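Visitor: Once you've had a glance at the structure underneath, I'll fire off some questions.
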Amino acid sequence: METTKKHFFIDISVMLGRSMRHIIRSMDTIITVTITPIAMMLLFVYVFGGAIQTGADNYVNYLLPGILLMAIASGISYTAFRLFTDVQRGIFERFQTMPISRSALLWGHVLTSLVSNAISVVVIILVALLMGFRSSSGVLPWLAVAGILALFTLALTWVAAIAGLSAKTVDGASAFSYPLIFLPFISSAFVPTESMPTVVRVFAENQPVTSIVESIRALLSGQQAGNDIWIALAWCVGIMIVAYIFAMRIYKKRV
Amino acid sequence: MQTVQTAQAKSILVKGLQKSYKQLQVLKDVNFEVEKGSIFALLGSNGAGKTTVVKILTTLLKPDGGTAAINGFDVSSQPDHVRQRISLTGQFAAVDEVLTGRENLIMIAKLRYLQNPRQVADNMLTRFGLTDAADRRVSTYSGGMRRRLDIALSIIGNPQIIFLDEPTTGLDPEARIEVWKIVKELANGGTTVFLTTQYLEEAEQLADRIAILHEGRIIANGTLQELKLRFPAAKVEYVEKQPTLEEIFLAIIGKQEGK
Ligand SMILES: Nc1ncnc2c1ncn2[C@@H]1O[C@H](COP(=O)(O)OP(=O)(O)OP(=O)(O)O)[C@@H](O)[C@H]1O
Ligand SMILES: [Mg+2]
């Protein structure tokens, strides 16, 4: 039992090392993932920003949380893509016939997704700083923000795993993320929900992105996140558990 | 007790194996055994079900009926024991294209929990003539180099039984002869080799025993000599040379279909 456990960690670290190499060798994916959210940020701040009334005096501060979620939503489509390619190529079968932990390959991809999305998030925050983003929050609120983003990444990564494992084509493996990328538009990420028509507003206020955006915004501006943070956590954990169960079920069926 | 004993003496023991994909019944009743340390070739035309047999034996696919045992361990109920003893070189090279050859080898050596993965990788690179290309990405390798790396990955950690699914398909004659050499060396070292092929010449060259899979059944199984004896006598009159396996193959299949 002890050695199985030790092997499990060896397996995962080998898998992580492998897919991190994939990421480092295709840095263009990080650029692709970050370029659209950064373009959005530029567009909203310098073109539409003047016309949008948010009540906040710094629109970059207002915008950043939603932009980060967009980046993560497009980042996880690469996780689906990488998983899909592994399954299509023989390498998946090679791993499956070796006496290694069954789920190590999947966990390797999940950890890699966390790391690569963290890189994207840092890149975008740096750009935001150049554009005038400021936060006076201390270490704890920042850690809380990191935690929420990590949880959000995990939740979407398991959704991506379902797509990557069950897709029949490359396009199918990544297409699922398009609606996710646009969810922030119908939320309080860019404009306050008060300005929206009733039906849209009801949707916007009750979808996961809004509560996550509101919590991060509050944490970064030194305010109390209040109820939002619990709603945000509930969404992330809920999506993660459901997606995890489905992904694992599909994964086991493949073997 | 006695059955267990004989079962353990065989590297591979397959009885009444069945497998269907939806309506398509690929394996109807497949039976054969493979002795330890021998080279066994499974011959069959496209779509005969060779890969399906390999996938079942390597725990990738569950059979619908019948049993298959590797060194006495059942593939369905004891897959972990089976995986400890086998290694698969699939029909399509299972290498990581983004990594270099060396990185591929080190990765597998680590997953086999070997003491010194770098050393193992170096030895393999030398043994398979890949030292010069060691630090190039595999995506730049030729088909033959890729296949050699693929086989090298499979024999890391000295598995007792190695499965090679059409190891030389798509290779030029030179690369093919090189793979044959590797396979012979493996068998000389005591490894049991199970290979599938469409090339009759390959089976003729390598195999101690040859089985022909056709329409879901093994329609012939034996040494090359035994198969030659099954060659229809009438035809011998027309050919002066020894019948090649190709002729035997076609003759046997023809007889089956004639029935
Ligand atoms: N996953 C699958 N779903 C449905 N049919 C399948 C599947 N895999 C294989 N088949 C079918 O089963 C039959 C046997 O396939 P298999 O790959 O075992 O043949 P093979 O002898 O390896 O052929 P080849 O020489 O082309 O590699 C073929 O008709 C194939 O189309
Ligand atoms: Mg095949």
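Visitor: Which Cα, out of A:A173, A:A118, A:T34, lies furthest along the positive dipole direction of chain A (beta carbon charges, K/R +1, D/E -1)?
Guide: Farthest towards the positive end: A:A173.
Visitor: In a shell of Cβ-Cβ distance under 11 Å around B:A203, excluding B:A203 itself, what net charge do Lys and Arg (+1) and Asp and Glu (-1) give?
Guide: For residues surrounding B:A203, the net value is -4.
Visitor: While we're here: Keeping all protein chains in the complex and leaving out DNA, RNA and ligands, what accessible area do you get for B:T67 with a 1.4 Å probe, in Å² to the nearest 10?
Guide: Result for B:T67: roughly 70 Å² accessible.
Visitor: Which net charge results when you count Lys and Arg as +1 and Asp and Glu as -1 among the other residues whose beta-carbon is under 13 Å from that of B:R112?
Guide: So the surrounding residues net to +3.
Visitor: Another question, if that's okay. Using a loss threshold of 30 Å², tell me which positions in the range B:82-101 are less accessible in the complex than in their chain alone. Probe radius 1.4 Å, ligands and nucleic acids ignored.
Guide: Output list: B:R83, B:L88, B:A94, B:D96, B:V98, B:L99.
Visitor: In the full protein assembly as shown, how much of B:K110 is accessible to a 1.4 Å probe, in Å² to the nearest 10?
Guide: 90
Visitor: If the only charges are +1 at each Lys and Arg Cβ and -1 at each Asp and Glu Cβ, what is the size of the charge dipole of the range A:2-254 around the Cα centre, to the nearest 20 debye?
Guide: 1020
Visitor: Just which residues of the range A:55-92 lose 10 Å² or more accessible area with every protein chain there, against their chain alone, with the probe set to 1.4 Å?
Guide: A:R89, A:G90, A:I91
Visitor: Still on this structure, please answer the following. With an 8 Å cut-off on Cα pairs and a minimum separation of 6 or more residues, tell me the relative contact order of chain A in percent.
Guide: The value is 26 percent.
Visitor: What relative contact order, as a whole-number percentage, does the range B:119-213 give when Cα pairs under 8 Å and 6 or more residues apart are counted?
Guide: 24
Visitor: Once each part is reduced to its C-alpha centroid, what is the distance from the range B:178-208 to the range A:187-255 in angstrom?
Guide: Taking the Cα centre of the range A:187-255 as reference, the centre of the range B:178-208 is 58 Å away.
Visitor: Any chance you could look up the accessible area of B:R112 with a 1.4 Å probe, heavy atoms only, rounded to 10 Å²?
Guide: Spelled out: B:R112, probe radius 1.4 Å, area about 40 Å².
Visitor: Right, something else. Taking the solvent-accessible surface of protein heavy atoms with a 1.4 Å probe, what is the per residue accessible area of the range A:2-254 in Å²?
Guide: Here the per-residue accessible area is 46 Å².
Visitor: From largest to smallest, what semi-axes in whole angstrom does chain B give when each is the square root of 5 times an eigenvalue of its alpha carbon gyration tensor?
Guide: 32, 23, 17
Visitor: Quick one: pull the percent of accessible area on the range B:117-165 belonging to carbon and sulfur, 1.4 Å probe, ligands and nucleic acids left out.
Guide: After summing per-atom areas, the C and S share lands at 44 percent.
Visitor: Here's something else I'd like to know. Provide the per-residue ³J(HN,Hα) series for the range B:100-106, in order, calculated from phi with Karplus coefficients 6.51, -1.76, 1.60 and θ = phi - 60°, each as a whole number of Hz, with x at glycine and proline positions.
Guide: 7, x, 4, 4, 4, 5, 4
Visitor: Rounded, prolate or oblate: which fits the range A:1-148, taking a ≥ b ≥ c as square roots of the Cα gyration tensor eigenvalues, rounded meaning a/c under 1.5, else prolate when a/b beats b/c?
Guide: prolate
Visitor: Which residue, A:G172, A:G132, A:G164, tops the fluctuation ranking in a GNM of chain A built on C-alpha contacts under 10 Å?
Guide: A:G132
Visitor: What is the ratio of the Cα radius of gyration of the protein assembly as shown to 2.2 N^0.38 Å, with N the residue count, to two decimals?
Guide: Working it through for the protein assembly as shown, the quotient is 1.22.
Visitor: At most 12 other Cβ atoms within 10 Å plus a DSSP loop assignment makes a site exposed; report the longest stretch of chain B without any exposed GluC sites (Glu not before Pro).
Guide: Between the exposed loop sites, the longest stretch runs B:1-236.
Visitor: Just to be sure I understand the interface: list residues from the range A:7-26 that lose 30 Å² or more of accessible area between the chain on its own and the complete protein assembly, 1.4 Å probe.
Guide: With the partner chains in place, the range A:7-26 has these residues losing at least 30 Å²: A:H7, A:V14, A:R18, A:R21, A:H22, A:R25.
Visitor: Hey, what's chain B come to in accessible area per residue, 1.4 Å probe, Å²?
Guide: With the other protein chains kept in place, chain B gives 47 Å² per residue.
Visitor: Would you mind counting up the charge near A:S136? Only other residues with Cβ under 14 Å from its Cβ, with Lys and Arg at +1 and Asp and Glu at -1.
Guide: Here the charged neighbours net out to +1.
Visitor: What do you reckon, how do A:Y251, A:Y78 stack up by accessible area (1.4 Å probe), largest on top?
Guide: Listed by decreasing accessible area, they come as A:Y78, A:Y251.
Visitor: Using a 1.4 Å probe on the protein chains only, how many percent of the accessible area of the range A:59-150 belongs to carbon and sulfur?
Guide: Within the range A:59-150, the accessible surface is 73 percent carbon and sulfur.
Visitor: Looking at the range A:2-254 from every direction and averaging, what is the projected area of its Cα convex hull in nm²?
Guide: Orientation-averaged projected area of the Cα hull: 14.8 nm².
Visitor: Related question: Per residue of A:93-106, how many C-beta atoms from partner chains lie within 10 Å of its own C-beta, taken as a mean?
Guide: Per residue, the average neighbour count from other chains is 6.
Visitor: Along the Cα→Cβ direction, 7 angstrom out, place labels at B:R137 and B:R118. What is the inter-label distance in nm?
Guide: Taking the two extended label points, one gets 2.4 nm.
Visitor: While we're here: Nearest 100 Å² is fine: what is the total accessible surface buried where chains A and B meet, probe 1.4 Å?
Guide: 2300
The values are calculated or read from the model by the stated rules, or taken from the named source; none is laboratory data. If you're wondering where the values come from, they're calculated on a predicted model, not measured in any experiment. As a convention, Cβ positions derive from the backbone with ideal geometry for all residues, glycine included, and neighbour counts pool all protein chains shown. For accessibility, only protein heavy atoms count, side chains too; no ligands or nucleic acids. Shrake-Rupley method; radii C 1.70, N 1.55, O 1.52, S 1.80 Å.
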